[in-house]
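The values are calculated or read from the model by the stated rules, or taken from the named source; none is laboratory data. The model shown is predicted, which means the values in this text are computed figures rather than measured ones. Cβ placement follows ideal geometry from the backbone for every residue including glycine, while neighbour counts extend to all protein chains displayed. Heads up: the accessible areas ignore ligands, DNA and RNA and are worked out on the full protein's heavy atoms, side chains in. Shrake-Rupley method; radii C 1.70, N 1.55, O 1.52, S 1.80 Å.
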Amino acid sequence: MIESISYGGRLGNRILQVINAGLLARELNLYLKHEEINLGNPEWGIDMDDFKNTFELNSDLFLGRQLEGPEIRLGGNISNIDLSTFQEGRYVNVDICNSIDPSLQGDFFAKYFNMMKTILLFKEKPIYNEGVFVHCRIEDISPPRTATYEYFDYCLSKINKPGVISKATPGHSIVKDISKKYDLEIICKPPSETIRIACGYDNVVLDCGTFSFMIGVLGDAKTKYMYWPPPQHVWTGNYPLKIK
């Protein structure tokens, strides 16, 4: 069974952490505790009401085996990315993100990309929209760790459809300039609701980081762009993760 998960960071990181633990549970047919929907009960910066109103854990995960025995804790720099070959037993403080060798994390996410969307489910199906959804995160980290004006401009020129741009601080110059040039509506919604809205769009232009990555994972957009910062600022390995 997956007895506990090691959580840290903000919403995007915590969603990724529970999804990764769910992947391990699914690959080994292990029980994942219902309580993990609480994401470790964060005390700051995360709207848990919004999250739990938007998402639920796949109930199939509650049917896995509840194995007893010694605690299993994953160490760092694991070079094996095939979770189905991991030891069966009682896992404690699961932290797939920091256990897989950084040079292999891109391969890990590519391997499990399609399965990732089967762990955490939307309570209400996203509404389909053939336009474009743009996520911009400049308010919390500045370039080069976030996307640039040139990146958004390039992607939107290729898509050439109306849509929306989501930003926590809508007054930023890049947001205003891009929204004006491409006639995008600026929206500021609660984080989990933002993910659900974004996942209904046929085209998405994503920033760097786990929050944007979750939109790429959970949505079914036909066209997906994701910004990749310089090597010293990437969050998984030293090369781009290609969203299929």
query = without any contact (Cβ under 8 Å) to a residue 24 or more places away in the chain and open to solvent by 60 Å² or more (accessible area, probe 1.4 Å): does that describe Lys111?
reply = no
note = Selection from segment 1-55 of residues open to solvent by 40 Å² or more (accessible area, probe 1.4 Å), polar (S, T, N, Q) and either within 15 Å of Thr210 (Cα to Cα) or touching a Pro at 6+ places or on another chain (Cβ under 8 Å) (or both) yields Asn13
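Regarding Ile127, is this residue buried (at least 16 other Cβ atoms within 10 Å of the Cβ) and either under 27 Å from Tyr227 (Cβ atoms) or in contact with a Phe, Trp or Tyr (Cβ under 9 Å, 6 or more places away or on another chain) (or both)?
Details: buried (at least 16 other Cβ atoms within 10 Å of the Cβ): no; either under 27 Å from Tyr227 (Cβ atoms) or in contact with a Phe, Trp or Tyr (Cβ under 9 Å, 6 or more places away or on another chain) (or both): yes.
It is false that Ile127 is buried (at least 16 other Cβ atoms within 10 Å of the Cβ) and either under 27 Å from Tyr227 (Cβ atoms) or in contact with a Phe, Trp or Tyr (Cβ under 9 Å, 6 or more places away or on another chain) (or both).
Can you report the number of residues in segment 97-140 which are of a type in the set (A, V, I, L, M) and under 28 Å from Ser157 (Cα atoms)?
5
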query = Condition test on Asn77, is it at pLDDT below 95 and touching an Asp or Glu at 6+ places or on another chain (Cβ under 7 Å)?
reply = yes
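From the list Phe62, Phe55, which residue is in contact (Cβ under 8 Å) with a residue 60 or more places away in the chain and at negative phi? Give the derivation first.
Numbers: Phe62 fails: in contact (Cβ under 8 Å) with a residue 60 or more places away in the chain.
When all the criteria are applied, what remains is Phe55.
Name every residue in segment 27-51 that is within 28 Å of Ile81 (Cα to Cα) and under 18 Å from the mean Cα position of the chain (by Cα), in order of residue number. Before you say what the answer is, go through the steps one by one.
First, the residues of segment 27-51 that are within 28 Å of Ile81 (Cα to Cα): 27-40.
Correct list: Glu36, Ile37, Asn38, Leu39, Gly40.
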request  = Name every residue in segment 148-170 that is at pLDDT below 95 and closer than 19 Å to Pro190 by Cβ, in order of residue number.
outcome  = Ser166, Lys167, Ala168, Thr169, Pro170
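Gly75 - would you say it is closer than 18 Å to Gly8 by Cβ and open to solvent by 60 Å² or more (accessible area, probe 1.4 Å)? Before the answer, list the steps.
Working: closer than 18 Å to Gly8 by Cβ: yes; open to solvent by 60 Å² or more (accessible area, probe 1.4 Å): no.
Taking the combined requirement at face value, the residue does not satisfy it.
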